[in-house]
Amino acid sequence: MNFKKLSTLFVFTVSVSTISQLTWADDESGWYIGGNVGQSRARLNEQKIADDIIPSSYSNTYLDHNTIDGGYKVYGGYEINPHIAIEGGYFDLGEFQFNHITVPDGLLKTNMQVRGINLDVVGSLPLSEKLSAFARIGVTYALTQDTFSGTGAANALGGKLSDRDTFPKAGLGLQYQFNDSWAMRIESERYRISNAITDHNNIDLFSVGVVYKFGNHEKVAPVAAAPAPVVTPPPAPRFEKVTISATELFNFDSAEVSQQAELEQLTTSLKTSTEPKEVKIVGYTDRLGSEEYNQSLSERRALAVKNYMVNKGVSSDRLLTEGKGEKDPVVNCNEKNKAKLIECLQPNRRVLIDQVTVEREVTSH
């Protein structure tokens, strides 16, 4: 191998290594191996080879040839990313024969064998989810062995010649990905070779093969970030109309407030909250007695509830009072017995406190 070709190989290898280092961390990279078999076709300058072997004292005439044979290659590679891979391997391009008739009468048979190693850069372009096209460019280091055998006057021309040399190579192909591990390739490559004498020729290899990719191909679901804590705003105040029986708040025909648990609870709620801004207290009576008296009694009872709350610490400005006497009855009673009538009309004797925050669980339907 001469210095120029050695320098070319060195520059190529350094370039590939640099690319690999720059893209080493790509998540899609991985090692793979593969093998192809197919047909090789030699494009040889057969007449020149014969002229270089047969002395000028002989004349020769081309007879026939067989420049098609089986070829194969095995290789391993590393995917730097989904589009670039580095691939190296061993190839055997087969054997080729051609025959020449010599004068004086004789026959010269030539047998050529080519095998070697290669290092390529492979670039891929996806055509669909599973199908991709690829191209390769690289270098080969190949051994060419020529065996010559003669009969008749060419018997003395027998012998062997060989040559090892470095040349560029290139190729195109398609790859179909069956799954994450297995794929199939169809490709065409051109190898530049030495004919082991004084010339260089080409051999084309058309092949199909399979590729196996190593590694754990299970898809790892990304770990979702913990959701940000949801800050629930405090519930808006619940306001209700609360009705308290006047029988529980007042003695008969009285406007003096007695101790009552629900009224105490409502008063405490108003003291601990600024909502609502206004609370309406409405007093009601039953229909017994004159309308004027009942109106006055309802007003006094509403005012008595207000005063009770103010004495407990609720702002007077928030409390509005109104008396409605015997209006808006809850029930209508027609009992003839007075005691039963008074008992029946009890729901109408009430104090209604409107827009009060109720500090108890209220079931929603």
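The values are calculated or read from the model by the stated rules, or taken from the named source; none is laboratory data. These figures come from a predicted structure and were not determined experimentally. Cβ atoms come from the backbone with ideal geometry, glycine included; neighbour counts cover every protein chain shown.
Residues of the stretch 325-365 being among the small types (Gly, Ala, Ser) and either in the same structural domain as TYR284 (by TED's automatic domain parsing) or modelled with pLDDT of 80 or more (or both), which ones?
GLY325, ALA339
Scan the stretch 309-324 and give yes if some residue there is on the phi > 0 side of the Ramachandran plot and either modelled with pLDDT under 85 or of a type in the set (Ser, Thr, Tyr) (or both), otherwise no.
Looking for residues that are on the phi > 0 side of the Ramachandran plot and either modelled with pLDDT under 85 or of a type in the set (Ser, Thr, Tyr) (or both), one finds none in the stretch 309-324, hence no.
Just wondering, is there one or more residues in the stretch 231-238 that are outside any strand (DSSP E or B), surrounded by 10 or more Cβ atoms within 10 Å (Cβ to Cβ) and modelled with pLDDT under 65?
Scanning the stretch 231-238, I find at least one residue that is outside any strand (DSSP E or B), surrounded by 10 or more Cβ atoms within 10 Å (Cβ to Cβ) and modelled with pLDDT under 65, so the answer is yes.
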